[in-house]
Number of protein chains: 2
Amino acid sequence: MIAEIVAVGTELLMGQVLNTDAQFIARRLSEAGITLHRQIVVGDNPERIRQAVRDAIARADIVITTGGLGPTADDITKQACAQALGLAMERRPEAEAMVRAWFAKNGREMTENNLRQADFAKGARILPNANGTAPACIVEKDGKAVVNLPGPPNELTGIFDSSVMPYLAERSGAVIVSRYLRIFGMGESSVASRLQDLMETCENPSVAPYCSTGEVQLRLTARCKTREEADALLDPLEREIRARLGNVIYAVTQDSQFHMEHALVCALRQSGKTLSTAESCTGGMISSRIVNVTGASDVFLQGFVTYANEAKVRALGVREETLAAYGAVSRETALEMAEGARRAAGTDFAVSVTGVAGPGGGTPEKPVGLVWLGLASQAGAWAKALHLTGSRERIRTLAALHAMHWALEACREENAGE
Amino acid sequence: MIAEIVAVGTELLMGQVLNTDAQFIARRLSEAGITLHRQIVVGDNPERIRQAVRDAIARADIVITTGGLGPTADDITKQACAQALGLAMERRPEAEAMVRAWFAKNGREMTENNLRQADFAKGARILPNANGTAPACIVEKDGKAVVNLPGPPNELTGIFDSSVMPYLAERSGAVIVSRYLRIFGMGESSVASRLQDLMETCENPSVAPYCSTGEVQLRLTARCKTREEADALLDPLEREIRARLGNVIYAVTQDSQFHMEHALVCALRQSGKTLSTAESCTGGMISSRIVNVTGASDVFLQGFVTYANEAKVRALGVREETLAAYGAVSRETALEMAEGARRAAGTDFAVSVTGVAGPGGGTPEKPVGLVWLGLASQAGAWAKALHLTGSRERIRTLAALHAMHWALEACREENAGE
C-alpha cells in the first residue's frame, strides 16, 4: 500500500507553523507498514488543492490530507477532494449532531457557518473529533481512500490513533506493537553500520533509528494479529541487536519520550540512593534535566553550579592549591568537586563536570572540548576525561549526558553488588 | 516570481526528522517577496526526485531543493536535478578545493567518495558552505533557477543567508534588511491583535511574528535598493510598534538567535555587575541558559540548585522556622533564598525561584503553577508570585524567563539610576 500526504494551509506553506502533522502521520504510516512516497504542502487555494489531490490519487492508494476542515470560506479541503474524486457533497445529520454537541458541551453559541463542518462527500465514513468541532472522514472510491483530517495537532493525533490506525489495521488485518531501545556511547553511524542489514531488510518487525545529540533511539515495531505474536517477533530481534551492540543499550521502554535522566532517576529510586551534582561548564544543565523528571525530589537533593573558581573553593571545598597547581579543568579539580558535593549535600553519589566548552578559552594543553568528569560514592572517587567536538551547546549537552550515564552505571553496579 | 521547495531525504519523508528547513526557506522567501506555491518531500529515490523536480520546474521560476548533497550513494539530488534540466555533470576544481580544505581544517582524513561533493551540473554557480563539507549551488537554465542546498539546518541557514538571499535580491535588484524585536510579558494573540493591520497589510517593510514558550519575536524586513533606504522604512515601523506595544520589547537585534539570557549577560557586562542564582523547581535551568552565553563567566559566578529543603537551609541559610511557618513555596522563602545566594556568592544581584511545577504536589492554597520569585541587590530584596499553567516543562521554562527578565530590569534600572 502506497500513501501520500497533502497538507493544506497557507500558514504551513509560508512557514508560519511547522508541519508536525506530516511528521506524525509519516511515523504512524511506517509503523503500520504503509509506504509513504510524498508529502506535499499547498496553500488555501482551491485549484492548487484539487490539482495536488488529483495527482496524489493517481499515484497512491491512500491520500491523507490535513487542514481546511473548519467553518470559514478558506476551509475547502473536503470539497476539493470530493471534486477530485468526482463525488457530490451532502449534509450528514450524524455529523451535524456532533458539531452541535461540541458547541453545547463547550457552552458556546454556534453560528450557521459551522454547519459546513457537517458536509461530506457522498458515502464518506465520518470520524468523530474528541478535541475540536470539525469531524474528519474517510472517503473510498475504486479501491482508493482519501482521509481528511483537521490541522490542529491535538485534534489530528487523537483522530489518527483512535480511528485511522484501526482503519489501516483493518485494511491489513493487524495490531501494531513498538518498543524503544535507548543507546548511549555509540554514534549513529556505528549503530547503523552494525545493524544495516536489519534496518534494510527487516520489514516486520522493523528497525528504525532516531537520533538526538549524543543519543540514538531504535524503534522496533511489529505488525501481527495479536500482541503476543508481535512480542514473539520483537524478542528475538531485541536479542540480536543486543548481541551486536553490546552494553550500549541503557534502557528499553514502551515510551518514546524516555531519556538518560529518566533512566537515572529510575535507577536511583529503585535503589533508594540520592545524588548531588557539581557543574562548571554545564552550568546546571544536568540538575535541570533531572529536575524535569516527575518524582526527582526523592533522589535529587542539591546541585552546585560553581562556574567561578572562588565558588568551587567556597561551595565545594576545592583546595586553592589544587586550582593553582592543576587548573580548574583537571582530574584533581573534578575529583575534589565530586567529593565536595557529596560531602556538602550528604548524598550517596555525586557527579562533577569541569571543562572547556568554547568557543574561546582553549589552549594547546587544554583545548576546547576537553571535559573532566568526577564521580564520588561511598566506595571512593574517580575522574575521567572526555574529548568532545562541536558547538558550545553540543559540548555541554554531551558532557551532561556522559555524567548522567556514569552516575547511572555506578548506581546499577552498586545495586548489583549489594 | 513563483517558487517551489523540493525537500529530499528518506528520514524527512518517514518523519524521523522535522522539516524545519522548509519552514526556514518559506519564511525567507516571503521576506524576499517571492511567492511560494508548493513544498514537496520525497525520499532518496532517483526516479521520484527527478519527477518531483521536473514537475516543480514546469510550474515555478525557482526550485529550491534541500538534502542529498553528501558523499554517499544515497546523495543524488544534484544529479537528479541536472538530469531534469538536461545538463551534464562535471567535477569543479574550486569545489574540490573547498571539500579538501574542510577536511584539512577539521583534521580529518578524506576518503575519495567525498569528491562527489565537488561534482556539479555544467555552468552551476557554486556556493561555499562554512559549516560542512558539501558546497551548494545555483543552476540557471532558460530563465529558471534550481538551487541545491544541504540538509543540515546549520549548513542550510548559513548558505541561505550568505549566498541565496543576495542572489534573490540581485535577481530582483534589491537588498533585504531585517531586525528582530524581542518581546516578553505579552502573549502571541495580544501582540497579533494589536499589530494585525500591520501584519496583514505591510508588504515592504513586512512584520512577522515567531513564537517560542513565553516569548514572541517580531521580524521586521525591508527590501530596498540600499541599506539606508531599508533602515528609513524600518525606523518608523519600529516606532509605531513600540507605541502600540509599550515597554514589552526587551531587545532589538540583527541576530535572530538572541534570547533573554543574552540580553541579561549583555546588561550585566555593560554595567560591570555580577549575578548568582538560587533555583528550586527550575533546577538549574536559569544558570544553564546563562552559562550557554559565550562570555558569561565575567558576570555569572555561582548557582545554587536547592531542590530539597535541607539544601535551602544549608547552602543558602534559609531559616528552618521560615520553611516551617510558610513552606518552601512562599514569599518568605523566595526572599531568603535570593538574599542567601547573594551573600554566599558575593554577587551584586541574585535571583531565586521556588514553585510547584507539577504535575503532582499541588494543594488548594498552593496549586500547580504557583511560583515565587525573589530578587536581591544592594538596594534590598523583593519577591513576587507567578500563576503559570501548562506542563511541568512549560511552567519551569516560564519561571526561568520571568526570573531572568526581572534581573534584567533590575540591572537596567540600577544603571539608569547611577
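The table below gives the values:
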item: Shortest-first nm distances, B:ARG239 label point to equivalent points in other copies (7 Å, Cα→Cβ); result: 7.8
item: Cα-Cα P(r), the stretch A:183-289, percent of pairs per 5 Å interval; result: 2, 10, 18, 19, 18, 13, 9, 6, 3, 1, 0
item: Extension gain from A:LEU18 to A:LYS144, taking 0.36 nm per residue of separation minus the Cα-Cα distance; result: 42.5 nm
item: Cα-only radius of gyration and Dmax that characterise the stretch B:177-242, units Å; result: 11.9, 36
item: Sequence-separation-based contact order of chain A, relative, with Cα cut under 8 Å and 6+ spacing, percent; result: 10 percent
item: Of B:MET260, B:MET199, B:MET14, the one that fluctuates the most in a GNM where chain B has Cα springs shorter than 10 Å; result: B:MET14
item: Cα→Cβ-extended label distance, 7 Å offset, between B:ARG412 and A:ARG269, nm; result: 4.2 nm
item: Prolate/oblate/rounded label for the stretch A:234-340 (Cα gyration tensor, a/c 1.5); result: prolate
item: Along principal axes, Cα extents of the stretch B:139-204, largest first, whole Å; result: 47, 28, 16
item: Size of the A/B contact, given as accessible area buried on both chains, probe 1.4 Å, in Å²; result: 4600 Å²
item: Chain B: Cα Rg divided by the 2.2 N^0.38 Å rule of thumb; result: 1.20
item: Other-copy label distances relative to B:MET1, 7 angstrom Cα-Cβ extension, nm; result: 4.3
item: Prolate/oblate/rounded call for the stretch B:293-407, Cα gyration tensor, a/c under 1.5 rounded; result: oblate
item: Carbon/sulfur fraction of accessible area - the stretch B:1-149, other protein chains in place, 1.4 Å, %; result: 50 percent
item: Cβ-derived FRET efficiency at R0 51 Å, B:ARG194 paired with A:LEU115, nearest 0.05; result: 0.95
item: Listed residue (A:GLY70, A:ALA32, A:MET110) projecting farthest to the positive dipole end of the stretch A:15-124, Cβ model; result: A:ALA32
item: Vicinal HN-Hα couplings computed from phi for the stretch B:207-224 (Karplus, 6.51 cos²θ - 1.76 cosθ + 1.60; Hz; Gly/Pro x); result: 10, 9, x, 10, 10, 9, 3, x, 10, 10, 10, 9, 9, 9, 10, 10, 10, 8
item: Spatial separation of Cα centroids for the stretch A:337-354 and the stretch A:272-286, in angstrom; result: 8 Å
item: Ellipticity estimate at 222 nm from DSSP helix runs (n ≥ 4, -39,500 (n - 2.57)) divided over the protein assembly as shown, nearest 500; result: -13000 deg cm²/dmol
item: Over 27 Å between alpha carbons, listed pairs A:LYS312/B:LYS105; B:LYS78/B:LYS225; A:LYS141/B:LYS78; A:LYS312/A:LYS366; result: A:LYS312/B:LYS105; B:LYS78/B:LYS225; A:LYS141/B:LYS78
item: Antiparallel bridge percentage (DSSP; both residues within the protein assembly as shown; nearest 5); result: 65 percent
item: The protein assembly as shown, accessible area per residue, ligands and nucleic acids excluded (1.4 Å, Å²); result: 40 Å²
item: Degrees separating the helix B:46-59 axis from the principal Cα axis of chain B, which is the longest one; result: 90 degrees
item: Karplus-derived HN-Hα couplings along the stretch A:264-277 (A = 6.51, B = -1.76, C = 1.60, θ = phi - 60°), whole Hz, x at Gly and Pro; result: 5, 4, 4, 5, 5, 4, 4, 9, x, 9, 10, 9, 10, 10
item: The stretch B:269-309: equivalent-ellipsoid semi-axes (sqrt of 5 x gyration tensor eigenvalues, Cα, Å); result: 21, 11, 6
item: Position A:GLU47, label points 7 Å along Cα→Cβ, spacing to each other copy in nm (shortest first, one decimal); result: 3.2
item: For the protein assembly as shown: rounded, prolate or oblate by the Cα gyration tensor [a/c cutoff 1.5]; result: rounded
item: Given charges at Cβ of Lys, Arg, Asp, Glu: the stretch A:216-302 dipole, positive-most of A:MET285, A:THR274, A:LEU237; result: A:LEU237
item: Mean Cβ count within 10 Å, highest first, over the residues of peptides A:324-331, A:302-309; result: A:302-309, A:324-331
item: Cα-based helix-to-principal-axis angle, B:93-105 vs chain B, degrees rounded to 10; result: 30 degrees
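The values are calculated or read from the model by the stated rules, or taken from the named source; none is laboratory data. This one's a predicted model, so the numbers in the text were calculated from it and none came from an experiment. Here Cβ is always computed from backbone atoms with ideal geometry, including for glycine, and neighbour counts include all displayed protein chains. Only protein heavy atoms, including side chains, enter the accessible area calculation; ligands, DNA and RNA are left aside. Shrake-Rupley method; radii C 1.70, N 1.55, O 1.52, S 1.80 Å.
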